[in-house]
Amino acid sequence: MKHHLILQVVAKALIPFILLFALYVQFHGDYGPGGGFQAGVIFGAAFILYGIVFGKDVAMKVVPPSLVYTTASLGVLLYTGVGVAGMLLGGEFLNYSVLSKDAVAGQHLGILLIEFGVGITVASVMIALFLSYANYRVTEPGEGE
Amino acid sequence: MLSFHLSALQVVIPLLAAPLCAIFRGPRISWLIALAVGLACAVNSLAILNQVNTSGEIIYALGGWAAPWGIEYRIDSANAFILLIISFIYLVGIFYARDSIKAEVPEHSRCWLYTAWILCFSGLSGITVSGDVFNVFVFLEVSSLSTYILISFGKDRRCLTAALRYLIMGTIAATFYLIGIGFLYALTGTLNMADLAERLPGLASQNTVAVAFGFVVLGLAIKMALFPLHAWLPNAYAYAPNAVTAFLAGTATKAAVYVFMRLAFAIFPDDFFSDLTSTHVIVLAAGIISAILTSAIAIFQDDLKRLFAWSSIGQIGYIAVGLGLASSAGVAASFLHLFNHALMKTAIFMAIGGLFITTGSTTIAALENAGRRMPWTMAAILIGGFSLIGVPFTTGFISKWYLVSAALEQNHWWLAGLILIGSLVTAAYVWKIVEIAYFRKNPDTQIVRQEAPLSLLIPTWVLVTANIYFGIDAQFTGSTATLAATAITGITP
């Protein structure tokens, strides 16, 4: 897409704001509409836009697939880890109240971390899906692999 | 403190291990992680069974939110028994998988296979322990999605269409289940099983309950491969990697059967499944037709994995017959057969995996002289086959005994007769294998002793030994199955 100069300039200008908006949706999810899923999709969309406009090879330099697989797993691990932390601190699995001295503060902290885990995983999986389709090579019958 | 968390740990341990597997991404380390999960969960499931038997039901409120607002895990004798089956089959399966998977799956994708496998186990455990119908749906999806991935790791490329077919059928099944519990939620405003069981009796006359029941039953019938909704199963089992087939044959359909039992006998009003809707007649008919017809189809298969996949559908038929009797004895027979069938079918598929590793083929033609080339592998298939028929001193005999007794308890002589006809048809396909492996002499070929590697034979024979042991001493399995049936139907036989 070398000749699409306008697209490239507009994308470059938009991407930082998309990322910022994703973070807003992520961390404001406690008080307004939003949360990990929505934020993750918006965050991932920014990278996908970058990949579409600048080509998958450049995009893969920014986020190599192996990195995305790792972050996707880390998000799940953060989620489960918070749950296990609740168990270790004397509550049930995923009981946030014990995470802090004050139960309400603990609930705030717990849901924030959990949703962050969801956000990381959703964003990573979105990017991973895009990259795996972008790298998909159609083999004609008889061509072999 | 640990004993308090037992029920949650059964799901949390694999859930914690799966992402670790995906981060390290080494074929060896991922197998070790999977094995560690198996060991921990097998011990855990024994501890749960012990705790349930000594101090009664385990109730665990996730996140500290009490039911019916929060999600709770609730374990009684019934799900403790299923949990035991799933955990031990998983452990033996993973132990077996190391060399079997090495021969079939390229190195770079092995870690993903183990990740999916651990997730599948997590999902199956979750289905079993959960006391919330929507939570069951979530875990059903976790286990199903990972099963589709597991199947698509097969060596034969037809595994991809098999996985896609299962994906479509499985999604329809999950949607039906979801629609069913959606109706229940609209009507009662609760998703908690114990709460539903309290509220539904007063509403039993409403059509919504009947419609919900229909959707739920159909969805679960697809997942448990009850005839005639079994179409996804033969190819899925035939083209998945051998170790995966062995695991799925022992566990995947079993979890669906358990949910079916829980809904039909514990959640919906007492006589809803039997007298009010007569669904039990349909289940009974589907079961007995399946037991005879799909066993007959199995006779005509050329591939061992396909043959025993069809046989699996037949065996699910026997389990459905037990359910269809809608009595405590019938349900006990079903529980017992869940356990026994897991033992025999997993051992058979493991032995077939051993056959594949030495000869590179699973067709029946490849069995020629196998009785002398690989006596131990063949003996495992043979004993498994005898068990499927119901020969005395194998677990199959115990299952048939309980099932026939349950049928006779209601004076269904014809049903007992049909069950025996099913055994005869089973004998036909087992004999087909015996004949080629032991009696067809081919003087031209030199017989070279080539047994499957020990790492495959040991787990296979652990299950075969268990099969014979529980066939002779059915004290543990019989009493546990009866306790499980009592817990789920609420009637002491």
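The values are calculated or read from the model by the stated rules, or taken from the named source; none is laboratory data. Keep in mind that this is a model prediction, so the values were computed, not measured. Don't worry about glycine lacking a Cβ; one is built from the backbone with ideal geometry, like all the others, and counts go over all protein chains shown.
For the stretch B:21-47, the set of residues classified as out of contact with any Cys (no Cβ under 6 Å at 6 or more places or on another chain) and of a type in the set (Val, Ile, Thr) consists of B:ILE23, B:ILE29, B:VAL37, B:VAL43, listed by residue number.
Among the candidates A:LEU131, A:LEU113, A:LEU74, the residue that is without any contact (Cβ under 8 Å) to a residue 40 or more places away in the chain and either facing chain B (nearest Cβ under 10 Å) or surrounded by 15 or more Cβ atoms within 10 Å (Cβ to Cβ) (or both) is uniquely A:LEU113. Within the stretch B:1-33, the set of residues being more than 12 Å from chain A (Cβ to nearest Cβ), free of Cβ contacts under 8 Å to residues at least 40 places away in the same chain and within 18 Å of B:SER87 (Cα to Cα) comprises B:LEU32 only.
Only one of the numbered conditions (1) out of contact with any Ser or Thr (no Cβ under 9 Å at 6 or more places or on another chain); (2) within 14 Å of chain A (Cβ to nearest Cβ); (3) of a type in the set (Lys, Arg) is not met by B:LYS102, and that is (2).
Residues that are free of Cβ contacts under 8 Å to residues at least 60 places away in the same chain and part of a loop (DSSP other than H, G, I, E, B) within the stretch B:200-217 comprise B:SER205, B:GLN206, listed in sequence order. Scanning for something buried (at least 22 other Cβ atoms within 10 Å of the Cβ) and either of a type in the set (D, E, K, R) or within 14 Å of chain B (Cβ to nearest Cβ) (or both), does the stretch A:51-68 turn up at least one residue? The answer is yes, given that some residue of the stretch A:51-68 is buried (at least 22 other Cβ atoms within 10 Å of the Cβ) and either of a type in the set (D, E, K, R) or within 14 Å of chain B (Cβ to nearest Cβ) (or both). If a residue must be away from chain B (no Cβ under 11 Å) and not small (Gly, Ala, Ser), how many such residues does the stretch A:90-110 contain? Total meeting the criteria: 6. A:GLN26 passes every criterion in (1) surrounded by fewer than 19 Cβ atoms within 10 Å (Cβ to Cβ); (2) away from chain B (no Cβ under 14 Å); (3) closer than 30 Å to A:HIS108 by Cβ apart from (1). Selection over the stretch B:320-370 of residues that are on the phi < 0 side of the Ramachandran plot, touching a Lys or Arg at 6+ places or on another chain (Cβ under 8 Å) and not in a helix (DSSP H, G or I) gives a count of 2. So for the stretch B:88-109 (the condition being touching a strand residue (DSSP E or B) at 6+ places or on another chain (Cβ under 7 Å), modelled with pLDDT of 90 or more and not small (Gly, Ala, Ser)), does at least one residue qualify? Looking through the stretch B:88-109, none of the residues is touching a strand residue (DSSP E or B) at 6+ places or on another chain (Cβ under 7 Å), modelled with pLDDT of 90 or more and not small (Gly, Ala, Ser).
Summed over the stretch B:459-478, the residues that are in contact with a Phe, Trp or Tyr (Cβ under 8 Å, 6 or more places away or on another chain), closer than 12 Å to B:PHE95 by Cα and either β-branched (Val, Ile, Thr) or not in a helix (DSSP H, G or I) (or both) give a count of 1. Out of the residues in the stretch B:53-72 meeting the condition of being away from chain A (no Cβ under 13 Å) and in contact (Cβ under 8 Å) with a residue 24 or more places away in the chain, tell me which one is farthest from B:LEU6 (Cα to Cα). In this case the residue turns out to be B:PRO68.
Residues that are part of a loop (DSSP other than H, G, I, E, B) and in contact with a Ser or Thr (Cβ under 8 Å, 6 or more places away or on another chain) occur in the stretch A:86-101; there is at least one. Taking first residues from the stretch B:397-412 that are closer than 12 Å to B:SER327 by Cβ and touching a residue at least 24 places away in the same chain (Cβ under 8 Å) and partners that are among the β-branched types (Val, Ile, Thr) and buried (at least 16 other Cβ atoms within 10 Å of the Cβ), the Cβ contacts under 8 Å between residues at least 6 apart in sequence or on separate chains come to B:LEU403/B:VAL321; B:LEU403/B:ILE419; B:ALA407/B:VAL321; B:ALA407/B:ILE419. Only one of the numbered conditions (1) assigned to a loop (DSSP other than H, G, I, E, B); (2) charged (D, E, K, R); (3) without any contact (Cβ under 8 Å) to a residue 24 or more places away in the chain is not met by B:GLU435, and that is (1). Scanning the stretch B:34-52 for any residue that is outside any helix (DSSP H, G or I) and within 14 Å of chain A (Cβ to nearest Cβ) turns up nothing. For the condition at pLDDT below 90, in contact with a helix residue (DSSP H, G or I) (Cβ under 6 Å, 6 or more places away or on another chain), part of a helix (DSSP H, G or I) and of a type in the set (Gly, Ala, Ser), B:SER7 qualifies. Among residues belonging to the stretch A:78-89 that are over 17 Å from B:ALA66 (Cα atoms) and over 23 Å from the mean Cα position of the chain (by Cα), point out the one that is farthest from the other protein chains (Cβ to nearest Cβ). Filtering first and then ranking leaves A:LEU89.
For every residue, the table says whether it meets (1) within 20 Å of B:GLY422 (Cα to Cα); (2) surrounded by fewer than 24 Cβ atoms within 10 Å (Cβ to Cβ); (3) touching a residue at least 40 places away in the same chain (Cβ under 8 Å).
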{"site": "B:ILE299", "(1), (2), (3)": "yes, yes, yes"}
{"site": "B:TYR318", "(1), (2), (3)": "yes, no, yes"}
{"site": "B:ALA347", "(1), (2), (3)": "no, no, yes"}
{"site": "B:ILE357", "(1), (2), (3)": "no, yes, yes"}
{"site": "B:THR363", "(1), (2), (3)": "no, yes, yes"}
